[in-house]
Amino acid sequence: MNDDVLKPFRDQIDVLDEEIVRLLGHRVQIVRKVAISKHENGLSVVRPKRMEVVLDKAEELAKSNDIKPSVVRHIYATLIDYAHELEQEIIDEKI
């Protein structure tokens, strides 16, 4: 099979990957603001109820977009773990 037949699909995926990473960068900028707000208001980094809300919402979005919910939940769990690490680093810098 000639891989050239896949080029249009790969090009589309490349464009989508750029957009996904751009959006992740935007999400991280908001997480930085959240960290400062948590620090200023004496809130803990980990908010278990909020985590469950985000994970459940991600699963529902996955279902409505024909994606396996467990995969999206795993991706979002990783994003949340990273957000917690980043928030803690920012708070530690402020102390």
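The values are calculated or read from the model by the stated rules, or taken from the named source; none is laboratory data. Quick caveat, the model's predicted, so the values are computed rather than measured. So basically every Cβ, Gly included, is an ideal-geometry build from the backbone, and we count neighbours across all protein chains shown.
What the table shows:
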{"quantity": "Candidate set from the stretch 31-62 (those that are outside any helix (DSSP H, G or I) and without any contact (Cβ under 8 Å) to a residue 12 or more places away in the chain); member that is farthest from Glu93 (Cα to Cα)", "calculated": "Arg47"}
{"quantity": "Criterion: charged (D, E, K, R), modelled with pLDDT of 95 or more and over 25 Å from Ile20 (Cα atoms) - qualifying residue of Lys94, Lys38", "calculated": "Lys38"}
{"quantity": "From Glu85, Glu40, residue being more than 16 Å from the chain's Cα centre (by Cα) and of a type outside the set (Phe, Trp, Tyr)", "calculated": "Glu40"}
{"quantity": "Some residue of the stretch 20-27 being more than 14 Å from the chain's Cα centre (by Cα), surrounded by 10 or more Cβ atoms within 10 Å (Cβ to Cβ) and in a helix (DSSP H, G or I)", "calculated": "no"}
